[in-house]
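S.K.: Structure incoming, see below.
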Amino acid sequence: MTSKQRAKLRSLANTLDTILYVGKEGVTSATVKEAYDALEARELIKCAVQKGCELTARQAADLLCERTHAEAVQCIGRRFVLYRESNENKRITLD
């Protein structure tokens, strides 16, 4: 992913609401499934790590990226943004 593509995704993610929370159990199989389904439907999702979680946002993003074949776009504080091109619902075009 180029820096221009990443910048475009960051600007699109600016207005998104957080839809996925990583809780105190960390990245579970249910969290991975929820992230996978959300990425397939939306392509770009904003996630957050709750206070009780032992993982940092970067660690949670890396684990979710590895398990869902996504890419981390941005990681600030407890929030992070993931992107993966959808197989069926392509909405975002990266030039």
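Throughout, read-outs are computed from the coordinates displayed, never taken from laboratory work. Computed from a predicted structure; not experimentally measured. All Cβ positions, even for glycine, are placed from backbone atoms using ideal geometry, and neighbour counts span all protein chains on display.
S.K.: Looking at Ala57, Ala48, Ala61, which is the one that is more than 22 Å from Asp95 (Cα to Cα), surrounded by 19 or more Cβ atoms within 10 Å (Cβ to Cβ) and in contact with a Lys or Arg (Cβ under 7 Å, 6 or more places away or on another chain)?
M.R.: Ala57
S.K.: Go through (1) surrounded by fewer than 14 Cβ atoms within 10 Å (Cβ to Cβ); (2) more than 26 Å from Asp95 (Cα to Cα) for Lys4 and report which single condition fails.
M.R.: Checking Lys4 against (1) surrounded by fewer than 14 Cβ atoms within 10 Å (Cβ to Cβ); (2) more than 26 Å from Asp95 (Cα to Cα), the one that fails is (2).
S.K.: Whether any residue in the stretch 48-63 is of a type outside the set (Asp, Glu), over 15 Å from Met1 (Cβ atoms) and in contact (Cβ under 8 Å) with a residue 40 or more places away in the chain is what I want to check.
M.R.: If we filter the stretch 48-63 for residues that are of a type outside the set (Asp, Glu), which is where we start, we get 48-53, 55-61, 63.
Next, from what is left, pick out any that are over 15 Å from Met1 (Cβ atoms): 48-53, 55-60, 63.
After this cut, where a residue has to be in contact (Cβ under 8 Å) with a residue 40 or more places away in the chain as well, the list is none.
There is no residue in the stretch 48-63 that is of a type outside the set (Asp, Glu), over 15 Å from Met1 (Cβ atoms) and in contact (Cβ under 8 Å) with a residue 40 or more places away in the chain.
S.K.: Can you work out which of the residues in the stretch 64-95 that are among the polar types (S, T, N, Q) and in contact (Cβ under 8 Å) with a residue 40 or more places away in the chain is surrounded by the fewest Cβ atoms within 10 Å (Cβ to Cβ)?
M.R.: Asn87
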